[in-house]
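Read the structure below first, then the notes.
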Amino acid sequence: MATTLKEKSNSQIMDENRRNDIVLEVKDLSIYYGDNRAVNGISLDIEKNAVTALIGPSGCGKSTFLRSINRMNDLIPSARAEGEINYEGINLLGDNIDVVALRKEIGMVFQKPNPFPKSIYENISYALKFAGIHKKSVLNEKVEESLTKAALWEEVKDRLHTSALSLSGGQQQRLCIARTVAMEPTVLLLDEPSSALDPISNAKVEELVVELKNDYSIIIVTHNMQQASRISDKTAFFLNGDLIEFDRTEKIFTNPSVKKTEEYISGRFG
Ligand SMILES: Nc1ncnc2c1ncn2[C@@H]1O[C@H](COP(=O)(O)OP(=O)(O)OP(=O)(O)O)[C@@H](O)[C@H]1O
């Protein structure tokens, strides 16, 4: 007989509530490049509508982990993953995953802004057309909506048909965020999205990330401890491919449980 709500124990209900708050469930994930293991059997849950920061010294596996979530590592012939990344009940590492559809659902923005050498408008409409949207009025609406979400509309609305390359680095990065958002993803993967930007553009991207978590679940790789503590809700500290500590950001930065975390965030290594 199916369990009715009444019959469920408190712990069952708590467990279900916890699962409802989770967008990605990572289980015993290892990632190899040839024989070299870059990520060592990590497990963690990524919360919905929250910002999760990945921190740790150079080469500790942050980007490798991030890229595994939307299967960008498939583009590296020597890379292979073991374990599970569960999203809506599906293991994203499975053989039958449509990676093009996956990358729409789980979008990614890179460290260096990489707009297409086309107009601001076309940067967004291109992917929408590819996805089958051709009606001009719908395209116009979606372009405006994505640029507004990326806090760029006011700055570019009068020059939508000029080259995206004429924008500042910070504007280009917000355009790349708008381009990703236009595909209506659920999860946004951000790989050091503001590290190549000036302080004012960096602040704008940070503000934007906090705003975007209302609509998306965000995972951000950052080398900037202040940035992680300012904008993230949860922080994962990686070291040599291991997940050393994963907790609420406030806890990680004020009272970490592991000595290595404390040493890293206080700048004693890395
Ligand atoms: N394409 C690749 N081929 C082979 N090894 C790789 C490749 N990319 C990364 N690695 C190795 O995997 C390990 C983890 O690298 P990764 O780039 O994930 O670290 P990271 O923490 O993101 O570093 P950074 O902060 O410098 O970007 C490193 O030892 C790196 O040399």
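The values are calculated or read from the model by the stated rules, or taken from the named source; none is laboratory data. In this text, all values refer to a predicted model and were calculated from it rather than measured experimentally. We place every Cβ from the backbone using ideal geometry, glycine too, and count neighbours over all the protein chains shown.
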Mind checking whether some residue in segment 218-233 is in contact with a Cys (Cβ under 6 Å, 6 or more places away or on another chain), within 16 Å of the ligand (Cβ to nearest atom), more than 18 Å from Ile106 (Cα to Cα) and of a type outside the set (Asp, Glu)?
-> no
Could you grab the pairs with beta carbons closer than 6 Å, sequence gap of 6+ or different chains, first residue in segment 128-149 and touching a residue at least 40 places away in the same chain (Cβ under 8 Å) and under 21 Å from Tyr216 (Cβ atoms), second one assigned to a helix (DSSP H, G or I) and of a type in the set (Val, Ile, Thr)?
-> Lys149/Val181
So which residues in segment 234-258 are over 20 Å from Lys48 (Cβ atoms), assigned to a strand (DSSP E or B) and among the β-branched types (Val, Ile, Thr)?
-> Ile244
Please indicate, with yes or no, whether at least one residue in segment 106-118 is assigned to a helix (DSSP H, G or I) and charged (D, E, K, R).
-> no
For residues in segment 178-214 being under 12 Å from the mean Cα position of the chain (by Cα) and of a type in the set (Ser, Thr, Tyr), which is farthest from Leu139 (Cα to Cα)?
-> Thr186
Identify, please: which residue in segment 59-101 is more than 13 Å from Tyr33 (Cβ to Cβ), part of a loop (DSSP other than H, G, I, E, B) and among the polar types (S, T, N, Q) and is, among those, nearest to the ligand (Cβ to nearest atom)?
-> Asn70
Residue among Val109, Val26, Val39 that is under 30 Å from His161 (Cβ atoms), within 16 Å of the ligand (Cβ to nearest atom) and at pLDDT 95 or above | Val109
Taking segment 89-140 only, how many residues are charged (D, E, K, R) and closer than 19 Å to Leu188 by Cα?
-> 5
